């Protein structure tokens, strides 16, 4: 902890970004927080949701399963280009399609 208090945030940021070959958004802020001792904190689901910018009430009790899915390149490019949350939108689209055929229930919006 004593080492972090003497940390030169600007020098470390410059060194890491030089090594990465690009600017790293949020790096300087993360180093400032670490230097101030604000790291390894426990966060509530509400704090995480707020930090990620997701709508309140969007956290679900249902766990999701990681899968490997092969998509056509143009479909994947279009989905990724739609911005953050594209995987959730895929899930919502699949759920809506399956709900129309009566194979799954729809989740209430909230």
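Quick check on the stretch 13-25. Is at least one of its residues part of a helix (DSSP H, G or I), within 19 Å of the chain's Cα centre (by Cα), surrounded by 10 or more Cβ atoms within 10 Å (Cβ to Cβ) and at pLDDT 85 or above?
Looking through the stretch 13-25, none of the residues is part of a helix (DSSP H, G or I), within 19 Å of the chain's Cα centre (by Cα), surrounded by 10 or more Cβ atoms within 10 Å (Cβ to Cβ) and at pLDDT 85 or above.
Residue 59 is checked against (1) under 18 Å from the mean Cα position of the chain (by Cα); (2) part of a loop (DSSP other than H, G, I, E, B); (3) modelled with pLDDT of 80 or more; (4) surrounded by 10 or more Cβ atoms within 10 Å (Cβ to Cβ) and fails just one. What number does that condition carry?
Checking residue 59 against (1) under 18 Å from the mean Cα position of the chain (by Cα); (2) part of a loop (DSSP other than H, G, I, E, B); (3) modelled with pLDDT of 80 or more; (4) surrounded by 10 or more Cβ atoms within 10 Å (Cβ to Cβ), the one that fails is (3).
Residues of the stretch 64-106 being in a helix (DSSP H, G or I) and within 21 Å of residue 49 (Cβ to Cβ), which ones?
86, 87, 88, 89, 90, 91, 92, 95
The values are calculated or read from the model by the stated rules, or taken from the named source; none is laboratory data. The structure presented is a predicted model; accordingly, all values stated were derived computationally and were not measured. Neighbour counts are summed over all protein chains in view; Cβ atoms, including those assigned to glycine, are modelled from backbone coordinates with ideal geometry.
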